[in-house]
Amino acid sequence: MNIPTNLKYTKDHEWISMDGNIATIGITDFAQSELGDIVYVEVETLDQNLDKDEVFGTVEAVKTVSDLFLPLSGEIIEFNEDLERNPETVNSDPYGKGWMVKVKVSDASQWGELLDSEAYAKLIGA
């Protein structure tokens, strides 16, 4: 199971990287493997301000549909449009080309509440 040490994680299996006040968010390798083949990613919250833990979209796999929860409060400023044509990228490259949204973070203090790679590994039993 791939758990990069340079990222932060949530109990809902999202990963987060920060560049200044812009967070890039996707789902973890563990999450994509549990979901199976991803067939659709929907984000209808572009240009909206959302609070931490609000649903920002859904990911649909062959077997199930799962909500995506925002790990940090802020404005959804970008959606990875490549996922409209190639949602399976989330399966093949969850930490790279399979990212889902970029968020202009409004409360940077929430970063400290996220899990580091060790804590996330313990959470999933890796």
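What's the number of the only condition in (1) out of contact with any Gly (no Cβ under 8 Å at 6 or more places or on another chain); (2) without any contact (Cβ under 8 Å) to a residue 40 or more places away in the chain; (3) outside any strand (DSSP E or B) that Pro87 fails to meet?
(2)
For residues in the range 37-57 being more than 17 Å from Val103 (Cβ to Cβ) and either assigned to a strand (DSSP E or B) or free of Cβ contacts under 8 Å to residues at least 40 places away in the same chain (or both), which is least open to solvent (accessible area, probe 1.4 Å)?
Here the residue is Ile38.
Run Ile16 past the list (1) assigned to a loop (DSSP other than H, G, I, E, B); (2) of a type outside the set (Gly, Ala, Ser); (3) in contact with a Lys or Arg (Cβ under 7 Å, 6 or more places away or on another chain) and report the number of the one that doesn't hold.
(1)
From the list Ile16, Ile38, pick out the single residue that is more than 13 Å from the chain's Cα centre (by Cα) and of a type in the set (A, V, I, L, M).
Ile38
In this structure, does Glu78 turn out to be open to solvent by 70 Å² or more (accessible area, probe 1.4 Å) and under 15 Å from Met18 (Cα atoms)?
The answer is yes for Glu78.
Yes or no, residue by residue, for (1) closer than 22 Å to Gln32 by Cβ; (2) at pLDDT 95 or above; (3) in contact with a Cys (Cβ under 6 Å, 6 or more places away or on another chain); (4) assigned to a strand (DSSP E or B):
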| position | (1), (2), (3), (4) |
| --- | --- |
| Val59 | yes, yes, no, yes |
| Lys63 | yes, no, no, no |
| Asp67 | yes, yes, no, yes |
| Glu118 | yes, yes, no, no |
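Among the residues of the range 79-87, is there at least one that is touching a Phe, Trp or Tyr at 6+ places or on another chain (Cβ under 8 Å), at pLDDT 95 or above and of a type in the set (Phe, Trp, Tyr)?
no
What is the number of the single condition among (1) open to solvent by less than 20 Å² (accessible area, probe 1.4 Å); (2) within 19 Å of Gly36 (Cα to Cα) that Ser73 does not meet?
Against the list (1) open to solvent by less than 20 Å² (accessible area, probe 1.4 Å); (2) within 19 Å of Gly36 (Cα to Cα), Ser73 comes up short only on (2).
Could you please tell me which pairs satisfy a Cβ distance under 6 Å, a separation of 6+ or placement on different chains, a first residue in the range 113-126 that is under 16 Å from Ala31 (Cα atoms), and a second residue that is open to solvent by 40 Å² or more (accessible area, probe 1.4 Å) and not polar (S, T, N, Q)?
Ile124/Phe30; Ala126/Met1
The values are calculated or read from the model by the stated rules, or taken from the named source; none is laboratory data. Values in this document were obtained by computation on a predicted structure and should not be read as measured data. Backbone-built Cβ (ideal geometry, glycine too); neighbour counts: all protein chains shown. What goes into the accessible areas is simple: the full protein's heavy atoms, side chains included, and nothing from ligands, DNA or RNA. Shrake-Rupley method; radii C 1.70, N 1.55, O 1.52, S 1.80 Å.
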